[in-house]
Amino acid sequence: MITNTYFLIVGILSILFSFTHALNGKNTVLSKIDSSNIDSTLKIIIFYVWHIITVENLLFGIIFIGMAFYKNQSKVKFTAWFIAIIIIARWTVIMGSTLLLNVGAITDTLIDSVAILIFVTLIILGARKKEKIQF
């Protein structure tokens, strides 16, 4: 039985984000880097850093789906808050890097920023959800 619908939605979204991140990398960023003349070691580093985020999203999704069915929600709230902090830290790095290296590209981060805001909001709503007292 689902005990936290917010966590279920976040879990599904996170798995979806994992697949879209991998496909986006394959079709845009990584394909451009692959065809460039940069050093092969740098290509490998960019490839695995890209896929670290992909795997993190997949793991977060699996964790949140499991937490959605967990009976004692008070025991999983810390995990939800911790993942929310990781996502916010990721977003801060994206925005900070964009502002530092190319302020004009800030509009390119708009869709990601909105998705992250919705994602973190759902996590917080799930973490703050009151447990039903069962007699």
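What the table below lists for this structure:
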| item | result |
| --- | --- |
| Within segment 94-128, tally of residues that are open to solvent by 90 Å² or more (accessible area, probe 1.4 Å), within 13 Å of the chain's Cα centre (by Cα) and modelled with pLDDT under 95 | 0 |
| Answer residue from segment 37-75, given it is without any contact (Cβ under 8 Å) to a residue 60 or more places away in the chain and outside any helix (DSSP H, G or I) and is nearest to TYR6 (Cα to Cα) among those | ASN72 |
| Any chance ILE123 is over 16 Å from ILE15 (Cα atoms) and in a helix (DSSP H, G or I) | no |
| Positions within segment 24-36 being β-branched (Val, Ile, Thr) and either touching a residue at least 40 places away in the same chain (Cβ under 8 Å) or exposed (fewer than 15 other Cβ atoms within 10 Å of the Cβ) (or both), in sequence order | THR28, VAL29 |
| Yes/no for ILE33 being within 18 Å of the chain's Cα centre (by Cα) and of a type in the set (Val, Ile, Thr) | no |
| Matching entry among ILE45, ILE88 (being closer than 25 Å to LYS130 by Cβ and open to solvent by 50 Å² or more (accessible area, probe 1.4 Å)) | ILE88 |
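The values are calculated or read from the model by the stated rules, or taken from the named source; none is laboratory data. In this text, all values refer to a predicted model and were calculated from it rather than measured experimentally. Note: ideal-geometry Cβ built from the backbone for every residue, glycine included; neighbour counts use all protein chains shown. To get the accessible areas, we keep the full protein, side chains included, count just its heavy atoms, and leave off ligands, DNA and RNA. Shrake-Rupley method; radii C 1.70, N 1.55, O 1.52, S 1.80 Å.
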